[in-house]
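What follows is a short report on a single structure.
The values are calculated or read from the model by the stated rules, or taken from the named source; none is laboratory data. Given the structure is predicted, the values throughout are model-derived calculations rather than measurements. When we count neighbours, we look across all protein chains shown, and the Cβ atoms used for this are built from the backbone with ideal geometry, even at glycine. Accessible surface areas use protein heavy atoms only, side chains included; no ligands, DNA or RNA. Shrake-Rupley method; radii C 1.70, N 1.55, O 1.52, S 1.80 Å.
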Amino acid sequence: MKMQYHPDDATLLGFANATLERNFAVLVACHLRHCPRCRQRLRQAEQLGAELMQRLQPAEVSADCKQALFDRLDESTKLDPAERSATVTAQQHEPLIPALLQHWPEQDFDTVPWKRIAPGIQQHKIDLGSSNLSLLRIAPGTCMPSHGHEGSELTMILRGSYSDEIGRFQPGDVADLDDEIEHQPIADRDEPCICLVATDAPLRFNSWVPRLMQGLVFSFD
Amino acid sequence: MNEISSKLMDGIETQQDWSKVLDRIAAERDRQQFSALYDHFAPLLKSYLISRGAGAAIAEELLQETLLQVWHRAHQFNAQRGNAATWIYRVARNKYYDYLRHQRLADRPPPEPELSEPDSAPKAERELESELDGQLLNNTLQQLPSRQAQVLYMSYYQGKSHAEIAQSMEIPLGSVKSTLRLAFEKLRSCLGGAR
Ligand SMILES: [Zn+2]
């Protein structure tokens, strides 16, 4: 996969600093899986994070803290191997990327329970708890009204392509938009465009599609 | 002086090879080495955690969790894939994220280790990561324009999102991102051959 459009460096840096809400983090992770260029930048951002940490004024640490830690070294090493591995397992997280997106380049999106939200546009919301991530399926040739963004919006193409003022976006490409950008995407004609969209949580998302469709008379349920 | 340089220590610490220390901790369960590592990193980790918003007691608890994990997983550290300080920094960042999520204060996941340390990275790419010119980085940090230093400070040390930075500096989101981008570009040039 040869990507032409990457997340902004500021977005990668935000991911490295754990400042991206879950929906943005998931989308960026889906891109990074397949983008060595951005993985290198992420590592650089993390390396700089470690350098900056080492340049902080050291804080005063209480004397008890070290003793407490060394006491815990003893305790934990007394656990038998079975118990220890149980502890480790309990600490492991569920994967950042949800199952539906784990293998997105090969994933069959036809079986997704799509909901029609406007002519030529279907949506499937991915449940991430507090933040919003949606799949959009846009019929070939569908033209969206020009729109701006109140906050941040990240879009990644999974299938097909679309074009706007910025360029032509293909699978793996990320459009990293902020409040200064207006654009008018048009799904290319050959096949439906499926994309992953993350917007600022939680309120702005609900208005995203209506805002997108501003001036058109459709009802959204 | 800018927001970052006022926080910096004077001069440069003599660089100890923490990768070797981690290797000895892994191989020999060497408590003396671990003690040295604690003495260096505990005050820095506490400082980092406090700047991210942790109270002093929580910061000490989390730095213990961090270093306990370093002790138990030292064998997983691979010096070829990155440097020891970066590895420890990631553990601390992730512990703080876990704490915030557990307390339902925020849900801002850090990158998974596989994204940070891919096996498939070409060797040349990996080597770049360890080549950091510390003096050049110090100079670059000190010469950053105030606004760039401020957004870096808020992102790295305070863990603020772009939107939160925009709000607290009263500038548009797009300016936050372009300012961060510029600052990152300058700092990246301190990493050998990073372009
Ligand atoms: Zn990329």
Study note, to complete from the structure: Only one of (1) facing chain B (nearest Cβ under 7 Å); (2) of a type outside the set (D, E, K, R); (3) more than 10 Å from the ligand (Cβ to nearest atom) does not apply to A:F24, and that is (1)
Study note, to complete from the structure: Within the stretch A:27-65, residues away from the ligand (no atom under 13 Å from the Cβ), open to solvent by 10 Å² or more (accessible area, probe 1.4 Å) and assigned to a helix (DSSP H, G or I) come out as A:E51, A:Q54, A:A63, A:D64
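Working only within the stretch B:147-164, note down all residues that are within 19 Å of the chain's Cα centre (by Cα) and more than 24 Å from B:Q135 (Cβ to Cβ).
Across the stretch B:147-164, the qualifying residues are B:M154, B:Q158, B:G159, B:K160, B:S161, B:H162.
Matching residues to (1) away from the ligand (no atom under 15 Å from the Cβ); (2) away from chain B (no Cβ under 14 Å):
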{"position": "A:S163", "(1), (2)": "yes, yes"}
{"position": "A:D173", "(1), (2)": "no, yes"}
{"position": "A:D188", "(1), (2)": "yes, yes"}
{"position": "A:C195", "(1), (2)": "yes, yes"}
{"position": "A:A198", "(1), (2)": "yes, no"}
Point to revise | Unmet criterion (only one of (1) within 16 Å of the ligand (Cβ to nearest atom); (2) open to solvent by 40 Å² or more (accessible area, probe 1.4 Å)) for A:T11 | key: (2)
